[in-house]
Amino acid sequence: MPFVLWSLLLAAMLPLIWAGVAKAGVRYDNHRPREWAAQLAGRRQRANWAQQNAWEALPTYLAAVTAAWLMKVPVAEMNAAAAVFALARVAHGLLYVADKAALRSLAWLVGLLAVLYLFLRAGGVVAL
């Protein structure tokens, strides 16, 4: 299976990974998870925010990959864009947790550019 398809699983798992980082090592209240998360601070709070941002990025990435796949963008190009997206999104979460705001924003932008590339390539706007 091409990496671009595996990247969909990775993108879907990233929010769960950041949620795990937010919850690791503290008592978690599964009866009131949103109230519990609202009380987080520091690294745990930023991990929760990384989780939220990862959920927000997921639908657009899924749509971009789907469009590229349906329009038969070459798999090598999709794999390259998927690798850029995956690395950018992992970096985004790590930088979020580390409180490196400017670098985090740069990682977010790189991920967005990978998504835009897939859409533009699928639409025939960008041709290689």
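Report K100's accessible area, 1.4 Å probe, all protein chains in place, as a number in Å² to the nearest 10.
Here the residue's solvent-accessible area equals roughly 100 Å².
Restricting to Cα atoms and excluding each atom paired with itself, what does the Kirkwood estimate give for the range 18-70 in Å?
For the range 18-70, the Kirkwood estimate is 12.5 Å.
Give a residue-ordered list of calculated ³J(HN,Hα) values for the range 108-123 (Karplus: 6.51 cos²θ - 1.76 cosθ + 1.60, θ = phi - 60°; whole Hz; x for Gly, Pro).
4, 5, 4, x, 5, 5, 5, 5, 4, 4, 4, 5, 5, 5, 5, x
Which length gain, in nm to one decimal place, applies between L70 and L87 when the Cα-Cα distance is subtracted from 0.36 nm times their residue separation?
3.7 nm
Name all residues of the range 67-96 having a backbone nitrogen under 13 Å from the label point set 7 Å from the Cα of L8 along its Cα→Cβ direction, giving them as ranges.
Inside the label zone: 67-71.
For the chain, compute Rh as the Kirkwood radius over C-alpha pairs and then the Stokes-Einstein diffusion coefficient at 25 °C and 0.890 mPa s; write the answer in µm²/s, rounded to an integer.
The diffusion coefficient I find is 160 µm²/s.
PRE reach from Q52 (point 7 Å along Cα→Cβ): which of the range 85-128 fall under 15 Å by backbone N?
Residues passing the 15 Å test: 96-97.
At 222 nm, what helix-only mean residue ellipticity would the chain give, in deg cm²/dmol to the nearest 500, using -39500 (n - 2.57) for each DSSP H run of four or more?
Theoretical 222 nm ellipticity from helices: -27000 deg cm²/dmol.
If you look at just the Cα atoms of the range 46-98, how large are its Rg and its Dmax in Å?
12.8, 38
How far apart, in nm, are the 7 Å Cα→Cβ label points at A98 and L120?
Using points 7 Å along Cα→Cβ, the separation is 2.8 nm.
Output ³J(HN,Hα) for the range 21-34: one whole-Hz value per residue in order, computed from phi by the Karplus curve 6.51 cos²θ - 1.76 cosθ + 1.60 with θ = phi - 60°, and x for Gly and Pro.
5, 5, 8, 5, x, 10, 6, 9, 9, 6, 7, 9, x, 6
The values are calculated or read from the model by the stated rules, or taken from the named source; none is laboratory data. What you are looking at is a predicted structure, and each value in this text was computed from that prediction instead of being measured. In this analysis, Cβ positions are derived from the backbone assuming ideal geometry, glycine residues included, and neighbour counts consider all displayed protein chains. In case anyone asks, the SASA skips ligands and DNA or RNA and just uses the protein heavy atoms, side chains included. Shrake-Rupley method; radii C 1.70, N 1.55, O 1.52, S 1.80 Å.
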